Amino acid sequence: MVKLKQILVGLVFVLFLISCVKADDVEVTVRGLTSIATTDENFICATLDWWPHTKCDYGQCPWNQSGVLNLDLGNKILANAMQAFGNLRIRVGGSLEDQVVYKVGNYIKKFPHFKRRDGDDYLFGFTRGTLPMERWDQLNAFFNQTGVKLTFSLNALIGKKKANDGTINWVGKWDSNNARDLIKYTISKGYNIDSYELGNELCGSGVSARVDPVDYGRDIVVLRKLVNQLYPDPNTRPAVLGPGGFYDQRWFDTFLMTIGPNVVDGVTHHIYNLGAGVDKTLIDKIQDPYFLDQVAQTFKNVRNSVRQFGPWSGAWVGESGGAYNSGGKDVSHTFADGFWYLDQLGMTSTYNHKVYCRQAFVGGNYALLNTTTFIPNPDYYGALLWHRLMGKQVLATSHNASPYLRAYTHCSKTKPGVTLLLINMSNKTSYSVSLVNDDNFYPSNSPNQYTSSGFEQREEYHLTPKDANIQSDVMLLNGTPLQLTQSLDIPEMQPRLVDPSSPITVAPHSFVFVTIKDFKAPACV
């Protein structure tokens with residue numbers, strides 16, 4: 001009976017694709033000869049933040065009990081959602097990290113709790129907070145259980161003082177003693193840390209605090225020496241990341257020139273290109289390819305700074321929630337957010353970014369999981385499919401259609417051939433996509449129309465919103481709602497198998513992942 005129901009749902013979905021009123025023929029050209037960029041194996045990343053439940057924006061308080069210190073680590077959905085990735089990269093950090101002290105060792109004498117306080121003496125309107133080692137033990141047990149690759153972002157303002165010049169500048173040397181005690185404790189317990197980052201949004205013009213690039217560079221050299229000393233085996237030594245803030249070319253270039261080679265392994269920057277979460281035009285921005293294109297220059301500039309001044313490292317998006325101040329309450333957790341999010345994943349990949357960390361895994365309006373129920377939001381499933389299907393090698397992809405159709409191609413992660421991501425931002429136009437394999441060594445030659453061998457069926461994952469409402473929290477896969485199983489597991493995400501000789505149909509307001517195993521791309525061999 002269940003199988004018959006699935007067949008009927010599939011037939012209805014196929015009829016839906018066929019019935020799309022207006023279909024434009026499109027040729028998507030994939031240059032499979034060489035890759036244009038390479039991501040990390042664990043490109044998909046999500047954050048856990050320090051915000052307490054009293055973090056409020058625009059008259060709402062959307063964090064509930066989702067901060068690092070109060071998150072329910074025993075929640076089965078939370079654990080299952082992380083485990084579904086197999087090895088999800090998690091960054092623990094955020095605005096309050098530079099006010100967190102670690103309750104270990106003898107250096108720190110007072111261990112406060114985060115409290116709301118107004119005034120210039122308090123960053124982001126909160127007092128200092130404390131990470132007890134009991135909580136650190138619980139977090140690491142949870143991360144070990146769920147297979148997490150952990151980035152921990154350290155307090156960069158310990159030892160510094162706010163300058164007496166009316167600015168948000170902080171001066172002085174970073175005091176690494178409390179960080180050293182935490183790292184030594186972490187090593188003594190056998191906890192696996194993939195990377196350490198230093199500070200949050202202290203670069204450029206800063207947000208609530210700012211550090212000079214030369215001073216920050218000297219501080220991160222101290223962290224590098226500390227990590228090298230405490231982890232003498234280079235094979236198990238955590239990476240060092242920084243600066244973890246908004247890109248400013250002069251600041252970033254000065255920082256990289258100050259530190260010299262082999263100090264940082266990842267150059268992290270933050271992206272909130274959609275503006276404030278309260279913006280009434282957020283739903284329009286998220287579907288506007290011309291607006292979304294504006295951030296491409298930032299990705300290109302970061303890539304160029306890394307190439308010129310830090311080629312031993314890689315560019316990372318260390319935090320990105322789209323809309324700042326906890327995201328948009330009617331948009332950031334809905335299907336519509338995928339127009340921004342999946343496009344960001346594709347765009348940053350082409351600009352040779354190694355990792356993309358989504359703010360947040362849980363917490364705020366922009367979380368991958370519902371902050372109250374922990375039920376996955378639509379972007380969770382988009383991230384999971386990317387993680388499972390899109391490999392490290394990025395291939396040049398172009399088409400002759402409207403900019404409302406986005407196309408990104410990678411070598412497939414675990415199978416031969418390539419995986420193509422198609423994003424249709426149009427609410428009216430469907431696309432009938434034919435693939436062209438440009439495998440010519442000389443670009444002036446005409447590319448070849450891709451033809452299947454006829455033996456390998458194409459695997460397609462069509463993602464659409466429930467009831468065609470892009471502000472729905474429910475995503476459909478090939479016409480079937482993605483829902484947790486009765487045992488609260490993440491549902492299986494099986495593709496639709498398609499005759500390889502037929503074009504790929506991309507419905508209005510949809511995302512399509514397509515795996516083509518017999519696509520001959522020398523870059524993927």
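The values are calculated or read from the model by the stated rules, or taken from the named source; none is laboratory data. Computed from a prediction, not measured in an experiment: that's the story for all the values here. Cβ: placed from backbone, ideal geometry, glycine included. Neighbour counts: every protein chain shown. For accessibility, only protein heavy atoms count, side chains too; no ligands or nucleic acids. Shrake-Rupley method; radii C 1.70, N 1.55, O 1.52, S 1.80 Å.
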Accessible carbon and sulfur surface of the chain relative to its total accessible area, %, 1.4 Å
50
Taking the structure as given and computing Rg and Dmax of the Cα atoms in Å, which label from (1) 24.5, 81; (2) 29.6, 134; (3) 23.4, 73 fits?
(3)
Grab the DSSP H runs of the chain that are 4 residues or longer, score each as -39,500 (n - 2.57), total them, divide by all residues and round the 222 nm result to the nearest 500 deg cm²/dmol.
-7500 deg cm²/dmol
On a C-alpha basis, how far is the centre of segment 244-261 from the centre of segment 143-163 in Å? Whole number, if you could?
20
Too long for a 31 Å Cα-Cα cut-off, among Lys184/Lys300; Lys110/Lys225; Lys173/Lys392; Lys329/Lys413, are Lys184/Lys300; Lys173/Lys392; Lys329/Lys413
Taking 0.36 nm per residue of separation and subtracting the Cα-Cα distance, what length does fully extending Asn400 through Thr372 add?
5.7 nm
Env charge @ Thr515, Cβ radius under 12 Å, K,R +1 / D,E -1, value +2
Averaged per residue, the 1.4 Å probe accessible area of the chain, protein heavy atoms only, in Å², is roughly 41
Using a basic spin-label model with each label point 7 Å from the Cα along Cα→Cβ, how many nm lie between Glu41 and Thr281?
4.4
From the Cα gyration tensor of segment 463-506, with a ≥ b ≥ c the square roots of its eigenvalues, which class applies: rounded if a/c is under 1.5, or else prolate if a/b is larger than b/c, or else oblate?
oblate
